[in-house]
Every structure is written in structure tokens, then in C-alpha cells.
Amino acid sequence: MTTAADPVAGYAGFAAALREAGVACDGHRVEAYLAAVAEIDVAEPTQLYWAGRLTLCSSPDDLPCYEEAFSQWFAIETTTPQRAKTAAPKQARIAPLAAAEGADTAGGDGPDQLKVAASAQEVLRHRDLAELTTAEREHLRELLATLKPVPPRRPAARRTPS
């Protein structure tokens, strides 16, 4: 028989509230939650938050419902940890195309200088490797040297040599 101060009924009630909110937490998840609660310090809201989040949520879609239900059920501020700010992906920068042919604006525009440019619209074009300049070939060689492809290994079906 449970009393009014029975904490297990409160935790099971929280799981029922989560089900009502749309989180698919079945009996096995509730059992795991109650087992986790038995192992932590329930006076510490962060431990209680993580015990429920790790056992009752099954997908990232459940997290907003869980956080809302947790803050309402336990009447505390959501203890969601602050995620590390991820740096925005950096846009590749490409050197501007040199000015008109023969114009020496940057000073020392030699024949081995790699000249590249990019537009707002990227276009793939056919380029013959035989027509590359010495600097372009060296740059391509450096790029290819950074690649270290590892082909997948799979056993051959052949039992004897051909």
C-alpha cells in the first residue's frame, strides 16, 4: 500500500505524465528509471534530470517534451546543460583572379603562380591534366598526398587461385 508521501508513486506519475506528453516510455523504461532513481541522490535535481532523460527518452525528438514535463512536474527550472557552442562552418576562401593579362598589380606575377577564382555559382568543368601548369601540378600533388584512402576489404568467394 502506498502512502501520500511515497516517492515511487511520484516518479511513476512523472513517467505517466511523459506518456501523456507524447514520450513513448513503456514499462521497461519506467523500471529502468525507478532503478536509476534508487541509485542517485534525489535531492540533487541534476542527477534526477539525467536519470530520467537517459532512461525514459528514446530519441532526440523526445527531449523537448521531457524537459517541459520535468520542469513542470518537479516545479524547478530546467537543468539542461549548456551545450558547447559549435563554430559555424568556415567558408573556403579562394584567391582572387589576377587582373588583366600582363598587369603587374600585386607585383611579381610570375608564370608559376597559381591563379584561381571562384564565383557565387560553382560550375564543374572538364580539365585536362596535361594542360596543367607546373604550379598547378604541384598543388594537385600536395592535395592528393593528403588523401589516404583505405579501400574496404572483403573476402573473395574464390577458394582456389584462378
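Taken together, the values in this text are just the output of simple stated rules run on the coordinates, not laboratory data. Note that this is a predicted model, so its numbers are computed, not measured. Methodologically, a virtual Cβ is constructed for each residue, glycine included, from the backbone with ideal geometry; neighbour enumeration extends over all protein chains shown.
Things worth noting here:
- Residue ranges 14-20, 33-39 sort as 14-20, 33-39 when ordered by packing (mean number of other C-beta atoms within 10 Å per residue, highest first).
- Over the range 26-77: Kirkwood hydrodynamic radius from C-alpha pairwise inverse distances, Å: 11.2 Å
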